[in-house]
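Enquirer: Below are the structure tokens for one structure; questions will follow.
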Amino acid sequence: MPQLERITLHPVKSLDGLDVDRACVLPCGALVHDRRWRLVDLDGGVVNAKRTPLIHRIRAEFELSATPTVRLSAGATAHGSSAPSPPAPDVFPLLPGPTGPSRWLSAALGMEVLLQERPDGGFPDDRDAAGLTLVSRASLAEVARWFSLPIAEVRRRFRANLEVGDCEPFWEDTLASPAVPLRPTPFEATGPATPDELRQESSPLPPLAFRVGGAGFTAVNACRRCPVPTRNSTDGTITEHFREVFEAWRRRRIPRDVDTAGWGSYYRLAINTVGDGQGGNVQVGDRIEPVAHPGVS
């Protein structure tokens, strides 16, 4: 049965992640501290890697104690002399205002930015799917094979919260876009399909509810991806034809029991979720336990 192998928080949107052994889940399904902070310009516009590839050269090391801090440094960039000279590495409390990292980040990015904080649920990309994101390690490894990249690089490009092992590539698609009814234990052999199941084989179903350890979620959709994964995660160099190659391979590797009719494109990886309203905790080693659709036995 699939089990949780990695938990990654991204405390500041678009900056580096932090791997942890366990995490607290909010009722909305987000992880505590994930995307809790973000950068905005002086007009309130969001500043992220979609807007400026210079963010890719910033390295962030987080300490999420009672007073969270970040150590910032800046490496090389693929954008030549037009990039501002990076400031010296320094450590800051994760606070808005002059005592926080805003001035350092403004110098590194060549624009004035401010740090914003939202402790209750953070700043998800999709407010209708405000829970964590989940991907299988096998999916990341498959994408790494397509581009001859290290799996760690693919992991940094796609920035999922939970990474699941002991399953096939794109197994997570069966949670978000199931094409056939799933039984309570759809990832184990449970005998031949019933006549009712056979009659419904071509009928798409709602996304599946599942549990990770002590927390409950519902898969919402397979994540639509932005331009960020097309770039090297440390210097912003573009991988030529990344999206076209990705979609061509993705189309060929869709699991048989996944319905893609509503996807629009195949530039999708990992799944979005919502919480069950109860919150809870997850930790590395937890099993992923699906919950059957009503009427499926």
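The values are calculated or read from the model by the stated rules, or taken from the named source; none is laboratory data. Model, not experiment: these values are computed from the prediction. For neighbour counting, all protein chains shown are included, and Cβ atoms are generated from backbone atoms with ideal geometry for every residue, glycine included.
Enquirer: Would you check which residues across the stretch 238-255 are of a type in the set (Val, Ile, Thr) and farther than 17 Å from Phe158 by Cβ and list them?
Expert: So the first thing to find is which residues in the stretch 238-255 are of a type in the set (Val, Ile, Thr), and the list is 238-239, 245, 254.
Within the stretch 238-255, just Ile254 meets the criteria.
Enquirer: Criterion first (at pLDDT 95 or above and either surrounded by 14 or more Cβ atoms within 10 Å (Cβ to Cβ) or small (Gly, Ala, Ser) (or both)) does Val91 satisfy it?
Expert: No, not satisfied.
Enquirer: Additional query: Filter the stretch 278-297 for residues that are closer than 19 Å to Pro178 by Cβ and assigned to a loop (DSSP other than H, G, I, E, B); which is modelled with the highest pLDDT?
Expert: Among those residues, the one meeting the criterion is Ala292.
Enquirer: Considering only the stretch 243-272, state which residues are outside any loop (DSSP other than H, G, I, E, B), crowded, with 18+ Cβ neighbours inside 10 Å and not aliphatic (A, V, I, L, M).
Expert: Here is the first cut: in the stretch 243-272, the residues outside any loop (DSSP other than H, G, I, E, B) are 243-252, 258, 268-272.
Next cut, crowded, with 18+ Cβ neighbours inside 10 Å only: 246, 250, 258, 268-272.
Phe246, Arg250, Arg268, Asn272, listed by residue number.
Enquirer: Looking at (1) in contact with a Cys (Cβ under 6 Å, 6 or more places away or on another chain); (2) modelled with pLDDT of 95 or more, find the lone condition where Lys50 falls short.
Expert: The number of the failed condition is (2).
Enquirer: What is the residue count in the stretch 222-232 for residues that are surrounded by fewer than 18 Cβ atoms within 10 Å (Cβ to Cβ) and assigned to a strand (DSSP E or B)?
Expert: 1
Enquirer: If a residue counts only when it is touching a residue at least 24 places away in the same chain (Cβ under 8 Å), which strands (runs of 3 or more DSSP E) contained entirely in the stretch 63-181 have at least 3 such residues? It would help to see each step written out before you state the result.
Expert: Details: elements: 69-74, 90-93, 114-117, 134-136, 162-165.
The qualifying strands (runs of 3 or more DSSP E) are 69-74, 114-117, 134-136, 162-165.
Enquirer: Same structure, new question: Kindly list, by first and then second residue, each pair from a residue in the stretch 2-14 that is within 22 Å of Phe170 (Cα to Cα) to a residue that is aromatic (Phe, Trp, Tyr) and at pLDDT 95 or above, limited to pairs with Cβ atoms under 7 Å and residues at least 6 apart or on different chains.
Expert: Final answer for the pair search is Pro2/Trp171.
Enquirer: Based on this model, can you work out whether Pro53 counts as out of contact with any Phe, Trp or Tyr (no Cβ under 6 Å at 6 or more places or on another chain) and surrounded by fewer than 16 Cβ atoms within 10 Å (Cβ to Cβ)? Even if it seems obvious, please write down each step before you answer.
Expert: Details: out of contact with any Phe, Trp or Tyr (no Cβ under 6 Å at 6 or more places or on another chain): yes; surrounded by fewer than 16 Cβ atoms within 10 Å (Cβ to Cβ): no.
No, not satisfied.
Enquirer: Return the residues of the stretch 3-37 that are charged (D, E, K, R) and buried (at least 21 other Cβ atoms within 10 Å of the Cβ); say none if nothing qualifies. Give the steps one after another, and end with the answer.
Expert: Residues of the stretch 3-37 charged (D, E, K, R): 5-6, 13, 16, 19, 21-22, 34-36.
Once the filter is applied, which keeps residues that are charged (D, E, K, R) and buried (at least 21 other Cβ atoms within 10 Å of the Cβ), the stretch 3-37 yields Lys13, Asp34, Arg35, Arg36.
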